[in-house]
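The values are calculated or read from the model by the stated rules, or taken from the named source; none is laboratory data. Quantities reported herein were computed from a predicted structural model and do not represent experimental measurements. Note that we place each Cβ from the backbone using ideal geometry, even for glycine, and neighbour counts take in every protein chain shown. Please note that ligands, DNA and RNA were not included when accessible areas were found on the heavy atoms of the full protein model with its side chains. Shrake-Rupley method; radii C 1.70, N 1.55, O 1.52, S 1.80 Å.
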Amino acid sequence: MIIDSSLANASDALIVSATVVYTVAMLAFVADLVSTGRASRTITRQLVTAGASGPATTEAVAEPPGTEASVSSPASRIGRIAVTLFLLGTGLHLASVVARGAAVGRVPWSNAYEFATTGALAVSLLFAGLLLRREVRWLGAFVALPIVLTLGVATAVFYAEASDLAPALQSFWLVIHVSVAFIASALFTVGFSLSVLQLVQHRFERQGARPAPTVLRAVPSATVLEAMSFRLHAAGFVLWTFTLVAGAIWAEHAWGRYWGWDPKEVWSLVIWVVYAAYLHARSTAGWGGRGAAWVAVAAYGCLLFNFFGVNYLFVGNHSYAG
Amino acid sequence: MAVTTAPPPPQAPPASPRLPDLGPIGTLRWMWRRLTSMRTALILLLLLAIATIPGSLLPQRSVDLGAVAEFYQANPDLAPVLERLGLFAVYSSPWFGAVYLLLFVSLVGCIIPRTRAHVLDWFAAPPNAPTRLNRLPGYVTYRSALPPDEAAAQIAAAVRGRWSVGLHRVTSAPGTSAAETSTTRPPDQREPLVVAAQTGRLRETGNVIFHISMIGILLALAGSSLYSWRGEALVVEGAGFANTLPRYDSFTSGARYDTGDLPPFALTLDGLDVRFESDQIAAFGAPRDFAAAVRITDTPGAPPRSELIRVNQPASVDGARVYLSGNGYAPVVDVRNGNGELVFSGAVPFLPRDGTYTSTGVIKVPDLTGGGTEDLALEGFFLPTAVIDDQGPRSVFPDADNPRLLLTVATGDLGLESGGAGSVFSLQGADVTTVTADGGDAVSLLLAPGTSVDLPDDLGTVTFVELRRFAAFDVRADPSGPVALGAAVLVMVGLAMSLFIPERRAWIRITPTTGPEIGARSVVEVAGQSRPRDNGLGAALEHMAAVVRRSAPPVPPENDHRNHAEEDA
């Protein structure tokens, strides 16, 4: 296979511009949070000074609009800019990954650089889909940050020039196993951001008297965050289960055993078990939303380790990265 | 492992602080309830995750024997301690077994009562409405022109089909509900009727399927460790392989597998086609394709069939599969002794050590002179694309572009007669002395294909006749595969059902109107709830309210002014 180097170079340039655009989008999302948070605080103060309505009304408005939609005011201009920039970054990012794939004539999933860029793209596409369907601008900064970090690490540390596939990866199971793993990881990533926000909101809601920082006023209540993060985690868990099963089928096909305690397999199982623990923690008395959120955070830590650590620290059948 | 959306499990009976009162059976029951509680399941899950990790940090015997040996050499003091803790075989260690067996006992203890409850629930009527319907999502109310009994019958008939429906008459004592209309008690016209509707029982069905299938996966893994077998063998181009125990370099099988049952196939390696990257600078020398052309004879005397075995493309033979797990070079070497007699001739596999196939191996020639006194060993490197300069000899590309054998000579006792199980790839266990030149340096020989060199001390000559490749085949059979796959598919189906099917309940309460026209008309209330919160509930309840209105039409506005007022409120 001849590598199309002009396409490969275009891909490299696109990923850099996507990273820059995401970064600006992230800053715009933060600015949007601040302005929306300020607006909500002003409304609260006005209602309080109006006096007649009493504490009940104050509470109702001061609490960031409860339902999961309609948090940011639709008029926020900086918010619209942030969304547009994020979608633009996603477009550039998608173009980069497609160009990389076209340059080598295969799915661009064969080394750590390609895994990181495509993994981040899955997060972007998922969040772009959410942005178009729901009012979730308040989540933008917390999703753009991991994307920017991943792309930064990918270009600075993992970068590898485009090349053909190793024989071990020449299988259509690569497409199935790896693409589903990407989608599951994207769901877990956004779920993780929500769980972290939920834990932070819990803190301020419990302390009551201490007002939440302005940035958090535009973020929904911990209960709403919990419900959203559960839905993403549930979908991610089903797809992660499928990732394990598809991986086992491929392993049976390539190596002759469906389970062999390879380090990557071990950590994929650990991730599965910890997310299973998360689902159980949700319905365990005394653990509730907060305990479960901590388990979800731990599970995401395992996911990150499996993605970034395992290939470099251990020798195994999955160590073709680098 | 308890079921994910389970209500808190039944607590132990409110035991007094004095535990002994429970008695032996009571204590056992208490322990059982503890073990099958959700909290225990959660802790066991987290424990399982932690217990799984060491197996990825330390080399495992079942994965890589050589790595364990290396660890022993590097950490001679630590290794025996870890050994005693079972850390080189984590996944067959007693403590790992204890964690997952407890987890599965907990799962069984949870799933049996859950299954029973679910089966009973499947045939039971949906539960009665909570008292305060107006606090639930989708609450609407209106006045219907129909009397309560008729309205209830119409509504139940209309709702049935999409929902599973039960009818309750609410007795005056709150909480003692669940009296079906078919009871013999004469109906009290002032008591409200409730049409209870439910969907999504399959959510719990999925939950039960998921957990039972997890046990299926455990059984499949147990079956795998009992009945599977695996062997590794090197086959040089042009040579054959018969599926018998002695022919394997390594062989492992489950406790219940009888090695006499090995399928009697044979295989000949006609050629091994190997391709490495030579264009793309970034991946120069990276493997691109390995393909072994083989002829397989399924049973002795059967006509051979040709197969191409690749990395992701094994060949199937009678319940087993043959995988291409590695490859390397096997130089064909002739050795003649000082008298000119041919004492050795054959292909000797050299094992690749790195990405450029710098390979090591040893040519062992027993009884060089025929006197039974002295063996010869030619040990060293095979370099497929050799570069020899002041940095020393090395290989710069994995393909055979400039093949060289670089050997040192040793004589002595190879230990072959004593039946020692020394490796064919090293001089471990041999008692030999390296032949040195006058200066004290070891004599080294450099050979290209087709060349011969004289051995020192008139020991004879060695000829590098030609270069062949070898393929490393992994032959495996595991009858548990289909069981595991079936269980895994059920796991996924059950999981998706239990997480994505919303369980919805809706109630239509029909209360007789009071006043002069008592019992002639009804106040209808509709509301519902779901587990967990689901976005479709609102639409489902709206649809239900529409169906309800159609089957028990509201009082026309001109006939009832109060109705108007009530609805506006």
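Of note:
- Total residues in the stretch A:246-302, condition more than 29 Å from A:Leu194 (Cβ to Cβ) and in a loop (DSSP other than H, G, I, E, B): 8
- Among (1) in contact (Cβ under 8 Å) with a residue 40 or more places away in the chain; (2) more than 21 Å from B:Ala222 (Cα to Cα); (3) hydroxyl-bearing (Ser, Thr, Tyr) - the single one B:Tyr72 does not satisfy: (1)
- Matching residues, the stretch B:26-42, being surrounded by fewer than 18 Cβ atoms within 10 Å (Cβ to Cβ) and more than 9 Å from chain A (Cβ to nearest Cβ): B:Gly26, B:Thr27, B:Leu28, B:Arg29, B:Trp30, B:Met31, B:Trp32, B:Arg33, B:Arg34, B:Leu35
- Failed item in (1) within 14 Å of chain A (Cβ to nearest Cβ); (2) within 26 Å of B:Ser250 (Cα to Cα); (3) touching a helix residue (DSSP H, G or I) at 6+ places or on another chain (Cβ under 8 Å); (4) open to solvent by less than 50 Å² (accessible area, probe 1.4 Å), with B:Ala79 passing the rest: (1)
- Whenever a residue of the stretch B:228-243 is farther than 22 Å from B:Gly260 by Cα and touching a residue at least 40 places away in the same chain (Cβ under 8 Å), its partners that are in a loop (DSSP other than H, G, I, E, B) and of a type outside the set (Phe, Trp, Tyr), lying with C-beta atoms within less than 9 angstrom and at least six residues away or across chains, give the pairs B:Val236/B:Val348; B:Val236/B:Pro349.
- Which numbered condition A:Gly236 misses (of (1) of a type outside the set (A, V, I, L, M, F, W, C); (2) open to solvent by 20 Å² or more (accessible area, probe 1.4 Å); (3) under 13 Å from A:Ala296 (Cβ atoms)): (2)
- Hits in the stretch A:247-271 (condition: aliphatic (A, V, I, L, M) and over 28 Å from the mean Cα position of the chain (by Cα)): A:Ala254
- Failed condition for B:Gly301, given (1) on the phi < 0 side of the Ramachandran plot; (2) more than 14 Å from chain A (Cβ to nearest Cβ): (1)
- Boolean, B:Ile363 is under 30 Å from B:Phe290 (Cβ atoms), of a type in the set (A, V, I, L, M) and out of contact with any strand residue (DSSP E or B) (no Cβ under 6 Å at 6 or more places or on another chain): no
- Total residues in the stretch A:137-169, condition within 14 Å of another protein chain (Cβ to nearest Cβ) and either modelled with pLDDT of 90 or more or assigned to a loop (DSSP other than H, G, I, E, B) (or both): 8
- Meets criteria (buried (at least 19 other Cβ atoms within 10 Å of the Cβ) and within 14 Å of another protein chain (Cβ to nearest Cβ)) for B:Gly494: yes
- Tallying residues that are in a loop (DSSP other than H, G, I, E, B) and not acidic (Asp, Glu) within the stretch B:346-383 yields 14.
- Whichever residue in the stretch B:85-142 is surrounded by fewer than 16 Cβ atoms within 10 Å (Cβ to Cβ) and of a type in the set (S, T, N, Q) and, among such residues, is nearest to B:Leu541 (Cα to Cα): B:Asn134
- If you filter the stretch B:188-231 down to residues that are assigned to a helix (DSSP H, G or I) and in contact with a Lys or Arg (Cβ under 7 Å, 6 or more places away or on another chain), you find that the one that is most open to solvent (accessible area, probe 1.4 Å) is B:Tyr227.
- A single entry from A:Ser229, A:Ser283 fulfils the requirement of being over 25 Å from B:Ser92 (Cβ atoms), of a type in the set (Ser, Thr, Tyr), facing chain B (nearest Cβ under 7 Å) and surrounded by 19 or more Cβ atoms within 10 Å (Cβ to Cβ): A:Ser283.
- Test for A:Phe172: is it free of Cβ contacts under 8 Å to residues at least 24 places away in the same chain, within 14 Å of chain B (Cβ to nearest Cβ) and out of contact with any Pro (no Cβ under 6 Å at 6 or more places or on another chain): yes
- Exclusive hit being open to solvent by less than 20 Å² (accessible area, probe 1.4 Å), modelled with pLDDT under 95, within 14 Å of chain A (Cβ to nearest Cβ) and not in a loop (DSSP other than H, G, I, E, B), set B:Leu267, B:Leu272: B:Leu272
- Qualifying residue in the stretch A:226-238 (condition: over 25 Å from A:Val153 (Cα atoms) and in contact with a strand residue (DSSP E or B) (Cβ under 9 Å, 6 or more places away or on another chain)): no
- Meets criteria (under 30 Å from B:Pro556 (Cα atoms) and either within 14 Å of another protein chain (Cβ to nearest Cβ) or at pLDDT below 85 (or both)) for B:Val170: yes
- On the stretch given as the stretch A:233-259, residues that are of a type outside the set (A, V, I, L, M, F, W, C) and within 7 Å of chain B (Cβ to nearest Cβ) total 6.
- From the list B:Leu416, B:Leu467, B:Leu405, the one residue that fits, being in a strand (DSSP E or B) and open to solvent by 30 Å² or more (accessible area, probe 1.4 Å), is B:Leu467.
- Yes/no for B:Glu503 being under 34 Å from the mean Cα position of the chain (by Cα) and open to solvent by 20 Å² or more (accessible area, probe 1.4 Å): yes
- A count restricted to the stretch A:214-245 and to residues that are under 22 Å from B:Phe500 (Cβ atoms) and either among the aromatic types (Phe, Trp, Tyr) or outside any helix (DSSP H, G or I) (or both) stands at 4.
- Residue that is in contact (Cβ under 8 Å) with a residue 24 or more places away in the chain, in a strand (DSSP E or B) and not aliphatic (A, V, I, L, M), where the choices are B:Asn327, B:Asn339: B:Asn327
- Residue match in the stretch B:466-476 (condition: at the interface with chain A (Cβ under 8 Å from one of its Cβ atoms), of a type in the set (Asp, Glu) and closer than 30 Å to B:Val208 by Cβ): no
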